[in-house]
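Step one of this worksheet: look at the structure below.
The values are calculated or read from the model by the stated rules, or taken from the named source; none is laboratory data. Model, not experiment: these values are computed from the prediction. Every residue, glycine among them, receives a Cβ derived from its backbone with ideal geometry; neighbour counts consider all protein chains shown. Heads up: the accessible areas ignore ligands, DNA and RNA and are worked out on the full protein's heavy atoms, side chains in. Shrake-Rupley method; radii C 1.70, N 1.55, O 1.52, S 1.80 Å.
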Amino acid sequence: MNTKRRSQAERDQIPVEIGYALLSACFLGVLVFATIAGPTAVWDLPAGVDNLLRVTGVWVAGLLAVLRVVHVLWRFGQRGQRMSGHGCD
């Protein structure tokens with residue numbers, strides 16, 4: 001258990017890192033959705049293909065956005081442990 005008190009700078013890093021994780025996840029999600037479902041806005045595709053591309057775009061974008069948030073926050077937690085001397089390097 002870590003009983004060391006965090007400095008104000010360390011406490012300020014937490015919401016900044018969370019904001020960065022969410023913002024980058026949203027950007028990634030929009031980019032992936034636009035890549036997968038974008039052809040439905042440009043071409044006249046059959047209804048089944050339209051629906052498939054949109055649903056696939058939503059699922060893949062959502063999954064990658066969640067993975068992005070987890071990845072960014074995981075790395076932030078690992079970096080915090082390493083800086084406080086509790087890492088396993």
TODO: Would you check if there is a residue in the stretch 19-30 being exposed (fewer than 12 other Cβ atoms within 10 Å of the Cβ) and among the aromatic types (Phe, Trp, Tyr)?
DONE: no
| field | Selection status of Arg54, open to solvent by 90 Å² or more (accessible area, probe 1.4 Å) and either touching a Phe, Trp or Tyr at 6+ places or on another chain (Cβ under 9 Å) or not in a helix (DSSP H, G or I) (or both) | value | yes
Sole miss for Phe33 among (1) open to solvent by less than 90 Å² (accessible area, probe 1.4 Å); (2) aromatic (Phe, Trp, Tyr); (3) within 30 Å of Arg11 (Cβ to Cβ); (4) free of Cβ contacts under 8 Å to residues at least 40 places away in the same chain is condition (3)
When Leu45 is run through (1) of a type in the set (A, V, I, L, M); (2) part of a helix (DSSP H, G or I); (3) open to solvent by 30 Å² or more (accessible area, probe 1.4 Å), the failure sits at (2)
